[in-house]
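See structure below.
The values are calculated or read from the model by the stated rules, or taken from the named source; none is laboratory data. Please read these numbers as outputs of a predicted model, since none were measured by experiment. Note that each Cβ is placed from the backbone with ideal geometry, even for glycine, and that neighbours are counted across all protein chains shown. Calculation scope for accessible area: heavy atoms of the full protein, side chains included, ligands and nucleic acids excluded. Shrake-Rupley method; radii C 1.70, N 1.55, O 1.52, S 1.80 Å.
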Amino acid sequence: MRTPAAFLIAALLAGSAHAATANPDAAQIKAAHDLMAAMQAEKMMRMTAGMSKYASPAQREQVMAKVKALPPETVYTRLATPVAKLLSTETALEMTKYYQSSYGQKVLHDTYNSAPQLYPTLPKPTPAEAAELKKPAYVKADQEFKANESAIQHETFVLLKDIINGK
């Protein structure tokens, strides 16, 4: 008999195994690129840089200056391939549509512009937005995205290290 936690882990692993691709094709990379643009990944990069630990305040300022000077398109392009390896094309397309929606824009605004919160809250969706959030395609994509969210954040950190090291 499986415990609920074991069942959940097995389900997540089975779900993300479908999406993971060692060598994503051009369509997958394009979908991941568009998702990074819709998510405003340059702001995610700034958050990652801001939350990282540094040896000195001067080093923090130096890193933040590099990150702020980085064109957003560079972030999207450099994250596209690693993210395409994590998410299916369908998930990337559906999540792009979500982040481009009015509700997705509110979520992004709260994510990048709110003060730190112990228990982050999502904005309340309108009835039309709530109906969109219940569609099976979105529900499936959201589950896959959430299962890979920490890996996407890790890829953002890897990119940050590469930028700091001048790569």
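Among the residues of this structure, Lys30 counts as one that is touching a residue at least 24 places away in the same chain (Cβ under 8 Å), out of contact with any helix residue (DSSP H, G or I) (no Cβ under 6 Å at 6 or more places or on another chain) and open to solvent by 50 Å² or more (accessible area, probe 1.4 Å).
Scanning the range 87-98 for residues that are part of a helix (DSSP H, G or I) and hydroxyl-bearing (Ser, Thr, Tyr) yields Thr89, Thr91, Thr96, Tyr98. Suppose we keep only residues that are small (Gly, Ala, Ser) and surrounded by 14 or more Cβ atoms within 10 Å (Cβ to Cβ) within the range 99-108. Which one would you say is nearest to Gly50 (Cα to Cα)? Filtering the range 99-108 for residues that are small (Gly, Ala, Ser) and surrounded by 14 or more Cβ atoms within 10 Å (Cβ to Cβ), the one nearest to Gly50 (Cα to Cα) comes out as Gly104. Taken over the range 65-86, the residue count meeting the criterion of being in contact (Cβ under 8 Å) with a residue 12 or more places away in the chain, open to solvent by less than 50 Å² (accessible area, probe 1.4 Å), closer than 16 Å to Asp162 by Cβ and part of a helix (DSSP H, G or I) is 7.
Looking only at residues of the range 114-166 that are open to solvent by 70 Å² or more (accessible area, probe 1.4 Å) and polar (S, T, N, Q), we find that the one that is farthest from Thr96 (Cα to Cα) is Asn165. Here Ala55 passes the criteria (1) hydrophobic (A, V, I, L, M, F, W, C); (2) farther than 21 Å from Ala31 by Cα; (3) surrounded by 11 or more Cβ atoms within 10 Å (Cβ to Cβ) except the one numbered (3).
Just one of the listed residues (Val107, Val158, Val139) is touching a residue at least 40 places away in the same chain (Cβ under 8 Å) and in contact with a helix residue (DSSP H, G or I) (Cβ under 9 Å, 6 or more places away or on another chain), and it is Val158. From the list Thr89, Thr111, Thr96, Thr48, the one residue that fits, being surrounded by 14 or more Cβ atoms within 10 Å (Cβ to Cβ), within 20 Å of Ile164 (Cβ to Cβ) and among the polar types (S, T, N, Q), is Thr48.
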